[in-house]
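*Asks:* Next up is a structure, given as structure tokens.
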């Protein structure tokens, strides 16, 4: 039985192979690498197996362009992994124009509790850091 990391690695390999024949997929993959290079400094590294087991246990990946998506059984959350090696967790119940992204445990990431116990909203850069994660490489 394969795990989420194995499924992810196989999907990445398949999409990179498809990119040699499809320029649109190649462009999407390149854009993901560019985003990771530009914004990825300071993102925490996570094990995709751990994130999928919390947010979407037992999910099988669905490949859409340069994204590998693991949907929760109830369809309310998804782990959205990019071919370039990072992931986000998305709340699919939010129907707003701006998508609702969550932390690696599937919890709200918009607010942070200060040391004095007060809650405040995160800045854009804090929010990006709290919702983007590098995928740990298997050794």
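We did not get these values from a lab; they are worked out from the coordinates using the rules stated. None of the values given here were measured: they were computed from a predicted structure. Here the Cβ is made from the backbone with ideal geometry for all residues, glycine too, and neighbour counts use every protein chain on show.
*Asks:* Report, in deg cm²/dmol and to the nearest 500, the calculated mean residue ellipticity at 222 nm for the chain, where each DSSP H run with n ≥ 4 adds -39500 (n - 2.57) and the sum is divided by the residue count.
*Replies:* -11000 deg cm²/dmol
*Asks:* Now for a separate question. Would you mind putting 126-135, 100-109, 13-22 in packing order, based on average other-beta-carbon counts within 10 Å, highest first?
*Replies:* Final packing ranking: 126-135, 100-109, 13-22.
*Asks:* Same structure, new question: Using only the Cα atoms of segment 1-50, build the gyration tensor, take square roots of its eigenvalues as a ≥ b ≥ c, and label the shape rounded, prolate or oblate: rounded if a/c is under 1.5, else prolate if a/b is larger than b/c, else oblate.
*Replies:* In terms of gyration-tensor shape, oblate.
*Asks:* Can you tell me which of 111-124, 73-86 comes out highest on packing, and rank the rest after it, using the mean Cβ neighbours within 10 Å?
*Replies:* 73-86, 111-124
*Asks:* Same structure again: Quote the FRET efficiency, to the nearest 0.05, computed for residue 37 versus residue 14 with a Förster distance R0 of 35 Å and r equal to the Cβ-Cβ distance.
*Replies:* For R0 = 35 Å, the calculated efficiency reads 0.95.
*Asks:* Which of rounded, prolate, oblate describes segment 20-110, given a ≥ b ≥ c as roots of the alpha-carbon gyration tensor eigenvalues and a/c under 1.5 marking rounded, otherwise prolate only if a/b is larger than b/c?
*Replies:* prolate
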